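For reference, the structure discussed in these notes is given below.
The values are calculated or read from the model by the stated rules, or taken from the named source; none is laboratory data. Since the structure is predicted, the reported quantities are computational estimates derived from the model, not experimental observations. All Cβ positions, even for glycine, are placed from backbone atoms using ideal geometry, and neighbour counts span all protein chains on display.
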Amino acid sequence: MADVSLISYTALVCLGLFVSDFLKSGDQSLQNNMSSEEATTKKEISYKKTFQQYAQAIHENHHDSLIIKGEEYPAPPHRLYPAKFLNISKLFFIVCIILSINPFLWFNLPTPNFYYTALQNKIYSCLMLFFFVGFIEGFIMSTGAFEIYFNDMPIWSKLESGRIPTLSELFGMIDSQLKLYRSNKEFRDDDPL
């Protein structure tokens, strides 16, 4: 029986790796527009860390008077509801495994062998279920949005361009927006009306 559970969990791990690679390949069109170094960097650094690095670089190279704020782009409802369903299902099955409840009997369905194996290895099964389904939830909820606004005017959108701007591009955009803002402010100050 130990060999069967080892095979089942090995199959689950392989399936998880396959799904992970498949889900990452959906981002391939974005990676084609970047160099291999940028693609590797994109995989290694989360958007939150990227935002923090960009904010720090802006404060170092521009005035500290610029207010920089970041927020998560909300997922659309067609992604939000499946992710919530997965979360509830995950928690339901974790509770069922911990309490040794067989939910398949409630629906008069035959119990799959992997569920018996999960009942025999509760801790490992619950951890595997928690992290694997959590990974899928995170992928579903991820929008990949990275937008930059200056005085409530959009100056960059990853959704439109398909990539995150380089620091030199970002500094150029900020400099041009600051010059435009200052020239408009001077024009308004000179206006007698």
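When residue 60 is evaluated against the numbered criteria (1) over 24 Å from the mean Cα position of the chain (by Cα); (2) over 30 Å from residue 149 (Cα atoms), which criterion, by number, is the only one it fails?
Answer for residue 60: the failing condition is (2).
What's the total number of residues in region 95-141 that are closer than 30 Å to residue 157 by Cα and free of Cβ contacts under 8 Å to residues at least 12 places away in the same chain?
1
Can you tell me how many residues within region 120-133 are surrounded by 17 or more Cβ atoms within 10 Å (Cβ to Cβ) and aliphatic (A, V, I, L, M)?
2
Would a scan of region 124-141 turn up a residue that is among the β-branched types (Val, Ile, Thr), in contact with a Pro (Cβ under 8 Å, 6 or more places away or on another chain) and under 30 Å from residue 167 (Cα atoms)?
Taking every residue of region 124-141 in turn, at least one turns out to be among the β-branched types (Val, Ile, Thr), in contact with a Pro (Cβ under 8 Å, 6 or more places away or on another chain) and under 30 Å from residue 167 (Cα atoms).
So residue 136 ticks every box in (1) surrounded by 12 or more Cβ atoms within 10 Å (Cβ to Cβ); (2) part of a loop (DSSP other than H, G, I, E, B) but one. Which box is left unticked?
(2)
Could you give every pair whose Cβ atoms fall below 8 Å, whose first residue belongs to region 146-172 and is on the phi > 0 side of the Ramachandran plot and surrounded by 12 or more Cβ atoms within 10 Å (Cβ to Cβ), and whose second residue is outside any strand (DSSP E or B) and not small (Gly, Ala, Ser), counting only separations of at least 6 or pairs across chains?
Short answer, once both residue conditions are applied: 162/30; 162/33.
I'm told residue 128 meets every condition in (1) in contact with a Leu (Cβ under 7 Å, 6 or more places away or on another chain); (2) within 22 Å of residue 55 (Cβ to Cβ); (3) assigned to a helix (DSSP H, G or I) except one. Can you identify the failing condition by its number?
Condition not satisfied by residue 128: (2).
List the number of the failed condition for residue 103; all other conditions in (1) surrounded by 13 or more Cβ atoms within 10 Å (Cβ to Cβ); (2) under 20 Å from residue 161 (Cβ atoms); (3) at pLDDT 75 or above; (4) not hydrophobic (A, V, I, L, M, F, W, C) hold.
For residue 103, the exception is condition (2).
Looking at region 171-193 only, could you name the residues that are under 28 Å from residue 143 (Cβ atoms) and either among the hydroxyl-bearing types (Ser, Thr, Tyr) or modelled with pLDDT under 80 (or both)?
176
Which residue is modelled with the lowest pLDDT, if the candidates are limited to region 59-86 and must be closer than 18 Å to residue 134 by Cα and aromatic (Phe, Trp, Tyr)?
So the residue we want is 81.
Residue 111 versus (1) assigned to a loop (DSSP other than H, G, I, E, B); (2) under 30 Å from residue 174 (Cα atoms): which is the lone unmet condition?
(2)
May I ask you to say which residue of 111, 143, 117 is under 30 Å from residue 57 (Cβ atoms), surrounded by 12 or more Cβ atoms within 10 Å (Cβ to Cβ) and among the β-branched types (Val, Ile, Thr)?
143
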